[in-house]
Amino acid sequence: MNLKPLTEAERAAAREKAGAARLARADIKSRLKAGSLSVAEVIENPGGDDAVGRLKVLDLLKALPRVGDVRAATIMAEVGIAATRRVRGLGIHQRKALVEYLDQQNAGPAGK
């Protein structure tokens, strides 16, 4: 597949767009880490932001406090989400199952 060569202006516009998307994803991850944003709010994505849709679910989970590589992979396996899945690729049932699983985990032993 041959792509047409980009002009310098097109290249600069693409760099600007990619940078803005990276900043948006970094902002979401930092807000998740700080606790000012929930996973439910991110995956419902009311604005339809494409940068958020391209965020990997694994990276989203790893941005949560006390969740690293192993715990994020465990959560995804228990919920039934592939490791390569992105936020926009989640189905309705996967979104619901993920939010319910995280709510259950946050309730802790006192909720049982």
Once phi is turned into θ = phi - 60°, what whole-Hz ³J(HN,Hα) does the Karplus curve with 6.51, -1.76 and 1.60 give for every residue of the range 61-72, x standing for Gly and Pro? 5, 5, 7, 6, x, 6, 10, x, 4, 5, 5, 4
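So if we plug the beta-carbon distance of Met1 and Ala82 into 1/(1 + (r/R0)^6) with R0 = 30 Å, what FRET efficiency do we get, rounded to 0.05? Before the final figure, lay out each step's value.
Working: r = 26 Å, r/R0 = 0.86.
Computed FRET efficiency for Met1 and Ala82: 0.70.
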In Å and from the alpha-carbon atoms only, list the Rg and Dmax of the range 1-66. 15.0, 46
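With a cut-off of 8 Å between alpha carbons and a minimum separation of six or more residues, what is the relative contact order of the chain in percent? Let's see the in-between values first.
Details: 76 pairs, mean separation 25.2, N = 112.
It rounds to 22 percent for the chain.
For the pairs Lys4/Lys56; Lys33/Lys96; Lys33/Lys62, flag any whose C-alpha to C-alpha distance is greater than 19 Å. Let's see the in-between values first.
On the way: Lys4/Lys56 29 Å; Lys33/Lys96 21 Å; Lys33/Lys62 9 Å.
Exceeds cut-off: Lys4/Lys56; Lys33/Lys96.
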Around Arg86, which amide H atoms from residues at least 5 apart in sequence, or from another chain, sit under 5 Å from its own amide H, with H modelled in the peptide plane? Val57
Mind checking which of Arg88, Arg11, Arg31 has the largest fluctuation in a GNM of the chain, springs on alpha carbons under 10 Å? Arg11
Checking a compactness column here: for the range 8-111, what do you get for Rg(Cα) / (2.2 N^0.38 Å), N being the number of residues? 1.16
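Any read-out appearing in this document is the output of simple, stated calculations on the displayed coordinates, not a laboratory observation. Owing to the predicted nature of the structure, the values given are computational and were not obtained by experimental measurement. As a convention, Cβ positions derive from the backbone with ideal geometry for all residues, glycine included, and neighbour counts pool all protein chains shown.
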